[in-house]
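The structure appears right after this line, and notes come after that.
The values are calculated or read from the model by the stated rules, or taken from the named source; none is laboratory data. Source: prediction; values computed, not measured. So basically every Cβ, Gly included, is an ideal-geometry build from the backbone, and we count neighbours across all protein chains shown. We work out accessible area using only protein heavy atoms, side chains counted, and drop any ligands, DNA or RNA first. Shrake-Rupley method; radii C 1.70, N 1.55, O 1.52, S 1.80 Å.
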Amino acid sequence: MYDTNYLIHRLSHGAATTPAKVFATRPDQPDITYAQLFSGAQALAQRLIALGLEPGDRVAVQVAKTLEAVQLYLGTVMAGGIFLPLNTAYTAAEVDYFLTDATPRLLVCDPSRMDELTPLAKDATVLTLDSAGQGSLTADLPEADTAFIPVPRGGDDLAAILYTSGTTGRSKGAMLSHRNLASNSEMLVDLWRFTADDVLIHALPIFHTHGLFVATNVALLSGASTVFLSGFDADEILNAMPQATALMGVPTFYTRLLQHDRLTPKHAANMRLFISGSAPLLVDTHEQWQARTSHRILERYGMTETNMSTSNPYEGERRAGTVGFPLPGVELRIMKDGAEVPQGDIGIIEVRGDNVFQGYWQMPEKTAEELRPDGWFITGDLAQQDSDGYVTIVGRAKDLIITGGFNVYPKEVESLIDDLPGVQESAVIGVPHPDFGEAVVAIVVPSRPDLTAEEVAAACAHNLAKFKQPKEILLIDALPRNTMGKVQKKALRETNATLFA
Ligand code: AMP
């Protein structure tokens with residue numbers, strides 16, 4: 001019944017074949033079946049259409065993570081619309097930018113933000129949805145009309161726009177087509193062996209590609225069940241683990257879970273797969289996880305614009321510190337100065353395939369800068385590939401430090417510092433310097449209270465060429481991170497901008 005709509009047709013496979021199967025269990029709330037998930041989504045699609053949504057219209061959504069929000073995603077796509085989720089942390093000023101840029105037909109927000117956001121909504125109709133799934137969006141929602149047919153959409157039509165985190169300049173809206181999303185999740189289901197027998201712990205936010213597309217779409221496509229958590233909660237994840245089979249997380253999930261005594265091989269015995277991505281997983285975390293659970297984390301790499309691009313193997317060696325191989329159907333090359341680098345050298349990753357987005361919303365120049373006419377997308381991630389084909393990310397190109405004319409890859413210095421006893425983790429940044437242009441600065445989080453900057457400096461002096469050695473080593477309690485666990489190097493650079501002034 002859903003075959004008019006490219007993405008919904010694929011995502012509704014579980015609902016069509018096993019409608020009574022549970023899609024989500026939630027702590028302290030009733031389970032919801034596939035049939036309930038889709039009939040609710042359909043009812044929302046009808047409401048959106050009744051509110052005037054036309055094919056191709058954007059639905060901007062800044063709400064807490066609920067199953068109703070998942071239904072809104074599916075309902076928007078069923079109604080032929082473009083789902084535009086926004087990080088719940090965005091301020092009114094930030095939301096204003098997205099609304100001005102994307103001109104959505106509808107804005108769905110938390111009721112507590114209605115007064116603040118309504119004046120910014122311009123022509124958009126404003127609806128509410130709270131953390132209990134209540135609000136004007138769902139109020140008095142009639143049962144879905146069984147005769148409803150999703151609005152016809154093909155593989156090339158847009159299903160979603162996700163704004164990038166905008167670490168340089170303004171945030172850009174990555175346009176993702178039905179085919180981009182469907183093809184990537186289908187491949188991941190195969191590669192990671194997801195089936196209807198799986199129970200996925202879903203604790204990631206659903207305003208980001210990882211939780212929305214990787215976790216949700218993979219679960220839907222495979223007909224799996226989820227333990228649907230409104231956010232990261234170590235106790236709830238540990239409670240779920242004995243009945244679950246898979247977890248998708250960012251590295252901070254794993255470092256935080258490692259702090260709990262309940263994490264043992266016995267406790268994790270029913271699990272078959274732990275996946276990590278969105279930020280680099282420290283080798284140390286990988287090793288500790290294996291020691292504590294007998295499982296090797298499977299690390300993968302992707303970005304908003306490309307969906308997933310590489311993954312460590314399901315069978316075969318999951319090599320710590322690497323993001324594995326290009327996915328089937330994804331071409332990957334490592335480029336420098338317009339040519340592929342010799343094997344083992346560092347360059348910028350470019351990828352091509354059905355996974356790659358359609359360009360940036362209303363930014364043809366930015367799109368042309370990053371997406372080549374022949375389909376290669378310039379990711380901006382620096383990496384090298386070893387002789388076995390494993391890809392290792394060594395940082396973002398824009399984080400590369402050029403000091404006195406020499407290139408310093410922050411990852412090289414960070415890896416050395418991270419391996420020192422007494423160091424939990426570090427971030428290495430470039431800071432303006434009157435002589436060198438930029439100076440290498442290391443921000444270090446100690447795991448031992450008496451660690452000194454001198455000890456770190458001595459280790460660097462012993463192991464690194466002079467130009468790579470930090471000119472300043474600062475000890476701090478914790479690195480600034482965003483909700484996806486990414487270290488905010490921009491914030492660190494700003495805080496330390498005048499260090500050498
Ligand atoms: P986002 O668009 O928010 O998903 O961010 C994508 C960026 O996250 C990539 O361009 C990488 O810089 C980084 N990233 C994602 N996965 C990994 C990983 N496994 N290791 C290192 N960096 C990663």
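Could you list which residues have their amide H under 5 Å from that of Thr33, counting only those 5 or more apart in sequence or on another chain, with H placed in the peptide plane?
For Thr33, whose amide H was placed from the backbone, the distant partners under 5 Å are Phe23.
Arg193: net charge of surrounding residues, Cβ under 11 Å, Lys/Arg +1, Asp/Glu -1, itself excluded?
Result for the neighbourhood of Arg193: -3.
Leaving out ligands and nucleic acids, and using a 1.4 Å probe, what accessible area per residue does region 87-246 come to in Å²?
38
Taking only protein heavy atoms and a 1.4 Å probe, what accessible area per residue, in Å², does region 452-492 have with all protein chains in place?
55
Taking H placed 1.01 Å from N in the peptide plane, check which residues at least 5 places from Arg193 or on another chain put their amide H under 5 Å from its amide H.
Answer set, sorted by chain and number: none.
Karplus couplings for region 190-199 from phi (6.51 cos²θ - 1.76 cosθ + 1.60, θ = phi - 60°), rounded to Hz, Gly and Pro as x?
Calculated HN-Hα couplings, in order: 5, 5, 9, 6, 6, 9, 5, 7, 7, 10 Hz.
Between Glu365 and Glu331, what is the spin-label point distance in nm, taking each point 7 Å from the Cα along the Cα→C-beta axis?
2.9
Could you pull out every one of the aspartates and glutamates with an alpha carbon less than 18 Å from that of Lys411, ignoring same-chain neighbours closer than 8 positions?
Straight-distance partners of Lys411: Asp284, Glu299, Asp345, Asp381, Asp386, Asp399, Asp419, Glu425, Glu438, Glu472.
Check the straight Cα-Cα distances from Lys172 and name the lysines below 24 Å, setting aside those fewer than 8 residues away within the same chain.
Candidates past the 8-residue exclusion: Lys65, Lys122, Lys366, Lys398, Lys486, Lys489, Lys490.
In the chain, what percentage of the DSSP-assigned beta bridges are antiparallel, given to the nearest 5?
60
Quick one: how many Å² of Trp376 are accessible to a 1.4 Å probe, rounded to 10?
Its heavy atoms expose roughly 20 Å² to the probe.
Between Ser426, Ala64, Asn463, whose Cα lies farthest towards the positive end of the dipole of the chain when Lys and Arg beta carbons carry +1 and Asp and Glu beta carbons carry -1, centred on the Cα centre?
Asn463
Could you tell me how far the Cα centroid of region 326-361 sits from the Cα centroid of region 168-242, in Å?
Computed from Cα coordinates, the inter-centre distance equals 24 Å.
Carbon and sulfur atoms: what percent of the 1.4 Å accessible area of region 186-292 do they account for?
Carbon and sulfur together cover 50 percent of it.
Quantify, in whole percent, the carbon and sulfur part of the accessible surface of region 36-75 (1.4 Å probe; protein heavy atoms only).
48
Amide H neighbours of Gly395 under 5 Å, counting only residues 5+ apart in sequence or on other chains, H built in-plane at 1.01 Å?
Residues meeting the amide H criterion: Leu382.
Going toward the positive end of the dipole of region 169-314, with +1 on Lys and Arg Cβ and -1 on Asp and Glu Cβ, which of Phe213, Asn307, Tyr254 do you reach last?
So the residue we want is Asn307.
Net charge within 11 Å of Thr306 by Cβ-Cβ distance, Lys/Arg positive one each and Asp/Glu negative one each, not counting Thr306 itself?
Taking every other residue near Thr306 into account, the sum is -4.
What value in Å³ per residue do you get for the convex hull of the alpha-carbon atoms in the chain?
Taking the convex hull of the Cα positions in the chain, it is 154 Å³ per residue.
Assigning unit charges at the beta carbon (Lys, Arg +1; Asp, Glu -1) and nothing else, what dipole magnitude in debye, to the nearest 20, does the chain show about its Cα centre?
The dipole magnitude comes to about 200 debye.
Mind jotting down the distance between the C-alpha centroids of region 418-465 and region 98-126, whole Å?
The distance from the Cα centre of region 98-126 to that of region 418-465 comes to 45 Å.
Per the 1.4 Å probe, what fraction of the accessible area of region 353-501, in percent, lies on carbon and sulfur atoms?
That share works out to 53 percent.
For region 284-292, take each phi angle, set θ = phi - 60°, evaluate the Karplus expression 6.51 cos²θ - 1.76 cosθ + 1.60, and give the result in whole Hz per residue in order, putting x for glycine and proline.
Each residue of region 284-292 in turn: 4, 5, 4, 5, 4, 5, 5, 5, 8 Hz.
Which order, highest average first, do 432-439, 238-245 follow once you tally other Cβ atoms within 10 Å for each residue and take the mean per peptide?
My ranking of the peptides, most packed first, is 238-245, 432-439.
Rounded to the nearest 500 deg cm²/dmol, what is the calculated helix-only ellipticity per residue at 222 nm for the chain, with -39500 (n - 2.57) per DSSP H run of length n ≥ 4?
Value at 222 nm, helices only: -7500 deg cm²/dmol.
Less than 15 Å Cβ to Cβ from Thr100, Lys/Arg counted +1 and Asp/Glu -1: what total charge do the surrounding residues give?
With Lys, Arg at +1 and Asp, Glu at -1, the neighbours total +1.
Stretched out fully, how many nm does the piece from Ser387 to Arg481 gain, at 0.36 nm a residue minus the Cα gap?
Full-extension gain reported as 30.5 nm.
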